[in-house]
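Here, each number is a calculation from the coordinates, and none is a lab measurement. All of these numbers come straight from a predicted model, not from anything done at the bench. Neighbour counts are summed over all protein chains in view; Cβ atoms, including those assigned to glycine, are modelled from backbone coordinates with ideal geometry.
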């Protein structure tokens, strides 16, 4: 990871917009595809085929850190980094977070979306909704001159006000030609603390929110992170650009509406 925060040029930003729009199309395709009865490996293979053959782009996660797949599929108590499997079949009561990266013309976009199966419990739906809204509370604080602590504080306040806990071991990150660049973007913090945001910065905001305690553990496969108490976890993620006046969500999907500033 570069030790210096990268400020993107107009050309860089234009190319990252394209990567972000293509990644949003992947999720639009999945909206019709993800349903009970399919395996997480089915989803992985569908996404790889779509990115490579339909979008003429590269799944950036494949081969990164020796990871073999194009996405992370994190079901129910899996916090992050779930590994696709043929034998892992989506059930009617599940929630699943699909975390996908895409590289086009040398620039990477990163986003995740939670899919809620038809019989998911009201408590699961509440967690998913709160996590999504917590991400947006953070995004709304993105503007030149603000501090990264403002983002983290807004996310933490929203999640904890609903009785949930923020996972602290993982954070958002700068992104561009590399998947992980500076700065680290914490999902908790104090207002008016941390680095100052500058126009041209691009980074992810991706809170992981637990239904129970914030404690987690990594399974023996070395990838899959789960809640210690086996309660549910949820995550939402977008790639965000700092503009002169506010922000631009580069991975915004068609079904999403920007909140009022």
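Brief remarks follow.
- Each Cα pair under 8 Å and six or more residues apart adds its sequence gap; the mean of these over the residue count of the chain is a relative contact order of 23 percent.
- Over the range 184-229, the ratio between the Cα radius of gyration and 2.2 N^0.38 Å evaluates to 1.58.
- Length gained when the stretch residue 195-residue 62 is fully extended (0.36 nm per residue, less Cα-Cα span): 44.8 nm
- Summary value for the range 219-261: 21 percent relative contact order, contacts being C-alpha pairs under 8 angstrom separated by 6+ residues.
- Cubic angstrom per residue, convex hull over Cα atoms of the chain: 119 Å³
- For the range 144-261, the pair-distance distribution built from all alpha carbon pairs, in bins 5 Å wide starting at 0, is 2, 11, 18, 22, 20, 15, 9, 3, 1, 0 percent.
- Gain in span if fully extended, residue 217 to residue 256, counting 0.36 nm per residue against the direct Cα distance: 10.8 nm
- Share of pairwise Cα separations in the range 4-87, more than 21 Å, in percent: 39 percent
- Relative frequency of Cα-Cα separations exceeding 25 Å in the range 48-160, percent: 38 percent
- Computed over the alpha-carbon atoms, the range 104-164 gives an Rg to Rh ratio of 1.09, Rh here being the Kirkwood radius from the mean inverse distance.
- Of 206, 181, 169, the one that fluctuates the most in a GNM where the chain has Cα springs shorter than 10 Å: 169
- Distance in nm between pseudo-label sites at residue 35 and residue 54 (7 Å out along the Cβ direction from Cα): 1.5 nm
- The chain: most fluctuating residue of 33, 247, 50 per GNM, C-alpha cutoff 10 Å: 33
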